[in-house]
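To start, the structure itself, in structure tokens.
The values are calculated or read from the model by the stated rules, or taken from the named source; none is laboratory data. Since the structure is predicted, the reported quantities are computational estimates derived from the model, not experimental observations. No Cβ is skipped: glycine too gets one built from the backbone with ideal geometry, and neighbour counts run over all protein chains shown. In case anyone asks, the SASA skips ligands and DNA or RNA and just uses the protein heavy atoms, side chains included. Shrake-Rupley method; radii C 1.70, N 1.55, O 1.52, S 1.80 Å.
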Amino acid sequence: MRFLYTLVGIGVLLVTTIDVFWTILWTNGGAGLLTSPLMKGTWRGLRTVDRQESLVLTLAGPLILAFTLTMWVVLLWAGWTLLFAGDVNALNYTRGPGPVRWVGRGYFVAYTMFTMGNGDFSPTSPIWRIVTAFTNASGMILITLIVTYVVSVLRAVVNKQSFASSVMGVGETSEAFVRSGWDGDTLRQHDLPLESFASSLSTLAAQHKAYPILHYYRSERKQHAAPVAVAVFDDALTIIRFGVDPERRPNEPVIETARSATEDYVRTAMSPPAGHTPPPPNLNRLRDADIPVASDEEFTDKLADLAEQRRELLGVVEAQEWEWPSERQQ
């Protein structure tokens, strides 16, 4: 039985260490084998609580982060406790004779991992002193990684909300976004900062890939919702690229760079495509603003080529319980 404790303890420590390093340090690997199902399970559970208003989903990100950190601490603590349980004589009670029980082992591991002080227990041999040193080092490393991870995640959450606010500030629908850049003769690139938005979105996509927990940070307000903002931005690019007169729109490389950024974001989201295509932009809203646009038939043909990409983006939007931003029904 004691040998089994040792094996299980080593296994728990290895799995936990791999999961921590995978999730925090491997920027292209997504979440670890333990963290990933924890994130998805918590999100699914919260989605079943309130599917109408979805306000409870605003708690998903903080809760998942708290659950993940707690899981790492508990598993590391349990692994070292099991390892010390593998030898009945691994620890000595300094205040009297008698064997060290489970509570004592857990207490020893806890203060060894998270403090530099001495308690009522001590290792009995050189090998267990070395194990104690590794226990202390693992605790310090875990705390350092957790602090770094939390700071990085919160910074990325702020960037996510900042991007959404910037895009939605220009226009809360793709039609409004395009209209805001029209000066009566052309689309002014200075009023439609496509390059700036594309750069911010590329950074956001990279952060989503490095920290998958960002997918579960849902804003309470639509104006701060990144999936909705990306949908507005992507449909605005579609209008500019295929709907507006070529002589009146920004440079082609700028548009393509921005479109590439939206595709990167959709790929990192890893949400299944929606079962239907979102409503097309309403070109009549642009005609009302005297913007020269293509015919509805020609624009519809172009949209057909983008149907799959738009369904994928709609899947991202609906995964966070938002609706597609459109003036079609207005």
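How about region 232-257: which of its residues are of a type in the set (G, A, S) and either modelled with pLDDT of 95 or more or open to solvent by 60 Å² or more (accessible area, probe 1.4 Å) (or both)? Give the derivation first.
Applying the first criterion (of a type in the set (G, A, S)) to region 232-257 yields 236, 243.
Passing the criteria: none in range.
Of all residues in region 298-317, how many are open to solvent by 20 Å² or more (accessible area, probe 1.4 Å) and of a type in the set (K, R)?
2
State the number of residues belonging to region 122-136 that are open to solvent by less than 40 Å² (accessible area, probe 1.4 Å) and part of a helix (DSSP H, G or I).
Within region 122-136, the first condition is being open to solvent by less than 40 Å² (accessible area, probe 1.4 Å), and the residues that meet it are 122-123, 125, 128, 131-132, 135-136.
Still in the list and also part of a helix (DSSP H, G or I): 128, 131-132, 135-136.
Within region 122-136, residues that are open to solvent by less than 40 Å² (accessible area, probe 1.4 Å) and part of a helix (DSSP H, G or I) number 5.
Among the numbered conditions (1) open to solvent by less than 40 Å² (accessible area, probe 1.4 Å); (2) in contact with a Phe, Trp or Tyr (Cβ under 9 Å, 6 or more places away or on another chain); (3) assigned to a helix (DSSP H, G or I); (4) of a type outside the set (D, E), tell me where V150 comes up short.
Of the numbered conditions (1) open to solvent by less than 40 Å² (accessible area, probe 1.4 Å); (2) in contact with a Phe, Trp or Tyr (Cβ under 9 Å, 6 or more places away or on another chain); (3) assigned to a helix (DSSP H, G or I); (4) of a type outside the set (D, E), the odd one out for V150 is (2).
Quickly run through region 157-196 and pick out the residues that are crowded, with 20+ Cβ neighbours inside 10 Å, closer than 30 Å to A210 by Cα and either touching an Asp or Glu at 6+ places or on another chain (Cβ under 9 Å) or of a type in the set (A, V, I, L, M, F, W, C) (or both).
Selection gives V157, F163, A164, V167, M168, V170, T173, S174, F177, L192, L194.
Can you pull out every residue in region 265-297 that is touching a residue at least 40 places away in the same chain (Cβ under 8 Å), open to solvent by 50 Å² or more (accessible area, probe 1.4 Å) and assigned to a helix (DSSP H, G or I)?
R267, R285
Here is a list: G45, G30, G106. Which entry is in a helix (DSSP H, G or I) and under 27 Å from L154 (Cβ atoms)? It would help to see each step written out before you state the result.
On the way: G30 fails: in a helix (DSSP H, G or I); G106 fails: under 27 Å from L154 (Cβ atoms).
Of G45, G30, G106, the one residue that is in a helix (DSSP H, G or I) and under 27 Å from L154 (Cβ atoms) is G45.
Can you tell me which of I130, I213, I146, I141 is under 30 Å from F108 (Cβ atoms) and within 19 Å of the chain's Cα centre (by Cα)? Before you say what the answer is, go through the steps one by one.
On the way: I130 fails: within 19 Å of the chain's Cα centre (by Cα); I213 fails: under 30 Å from F108 (Cβ atoms); I141 fails: within 19 Å of the chain's Cα centre (by Cα).
Only one candidate qualifies: I146.
Take M71 and tell me if it is assigned to a helix (DSSP H, G or I) and buried (at least 18 other Cβ atoms within 10 Å of the Cβ).
On the way: assigned to a helix (DSSP H, G or I): yes; buried (at least 18 other Cβ atoms within 10 Å of the Cβ): no.
No, not satisfied.
Give the residue, chosen from G9, G30, G61, that is within 16 Å of S138 (Cβ to Cβ), open to solvent by less than 20 Å² (accessible area, probe 1.4 Å) and of a type in the set (G, A, S). Explain how you work it out, then say what you get.
Numbers: G30 fails: within 16 Å of S138 (Cβ to Cβ); G61 fails: within 16 Å of S138 (Cβ to Cβ).
Selected residue: G9, the only one of G9, G30, G61 that is within 16 Å of S138 (Cβ to Cβ), open to solvent by less than 20 Å² (accessible area, probe 1.4 Å) and of a type in the set (G, A, S).
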